[in-house]
Amino acid sequence: MSGDLKWNKIIGAGLATVFVILVVREGTAFIYHNEAPEKMGYFVDAPEEAAGGAAEAILPPDWGTVMPTADLAAGEAAFARCKSCHTIDAGGANGIGPNLYGIAGRATASHAGFAYSDAMTAHAGTNPTWTLDELDLFITAPGRHVPGTKMSFAGIRDTATRVNLIAWLRSQGSTGMAVPAPDPARQPGAAAAAAAPVEGAAPVAG
Ligand code: HEC
């Protein structure tokens, strides 16, 4: 009898141990599980990466709307990031990159005396002109838009900065380049505006 009790205790202790181990394992798993969202921190970059794919999906700037109001002084200031490699004065020397005078509307990979990469030369075959959209895509992420380009520059992700910069680039020898008319299809609010039936009624709240 007492022997049975003894074995019961031993078995009970064994089961308790197994139980404790299971609890600890589950607990550990739970802790790791909780850490998982923190690991998502690694993917803070993901929006940038995703911006790669997403950028193509995002509407390009509506040039007809944004160009007339662009901040040229801010654009010139943004060009500071390009100056280490590019001049932009008429007849300016090529540096690490080609002179950019009149770049808006200029033929791609066409500047005299500059040795373009094979990637840029090939790009010119499908995109013969630096349109505003082309400049925008290239400056957003040069290496993504022209894989293999020798322009080693990360890109400018901020749209307002790019718009100001591109407007300023155009002011440097490309003012003759026509800016397209405003395109309602490119205006970000277009879909929302269509969804709101009475435009004047919206600000009433508050
Ligand atoms: C680290 C040097 C460097 C910086 C910084 C740089 N570029 Fe470039 N850029 C180059 C090189 C090199 C090329 C030629 C690319 C090729 O042949 O693949 C180039 C090419 C270009 C072209 C195409 C020119 C043509 O004739 O087809 C444009 C447009 C351009 N850069 C704009 C800019 C702008 C705007 C900035 C600043 C936001 C900038 N670059 C910053 C080095 C640079």
- Order the peptides 137-148, 170-181 from the highest to the lowest mean number of other Cβ atoms within 10 Å of their residues. 137-148, 170-181
- Task: Could you calculate the FRET efficiency of Thr159 with Asp118 from 1/(1 + (r/R0)^6), where r is the beta carbon distance between them and R0 is 30 Å, rounded to 0.05?
- Result: 0.50
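Grab the Cα-Cα distance for Ala93 and Thr65, subtract it from 0.36 nm times how many residues apart they are, and report the gain in nm with one decimal.
Values: separation 28, 0.36 × 28 = 10.08 nm, distance 3.35 nm.
So the extension gain works out to 6.7 nm.
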- Which cross-chain or sequence-distant (5 or more) residues have an amide H under 5 Å from the amide H of Thr129, H modelled 1.01 Å from N in plane? Thr108
- Classify the range 63-179 as rounded, prolate or oblate, taking a ≥ b ≥ c as the square roots of the eigenvalues of its Cα gyration tensor: rounded when a/c is under 1.5, otherwise prolate if a/b is larger than b/c and oblate if not. rounded
- Order the peptides 157-168, 73-84, 123-134 from the highest to the lowest mean number of other Cβ atoms within 10 Å of their residues. 157-168, 123-134, 73-84
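Rule-based calculations on the coordinates, nothing more; no lab input. If you're wondering where the values come from, they're calculated on a predicted model, not measured in any experiment. Counting neighbours? That spans all protein chains shown, and the Cβs are built from the backbone with ideal geometry, glycine included.
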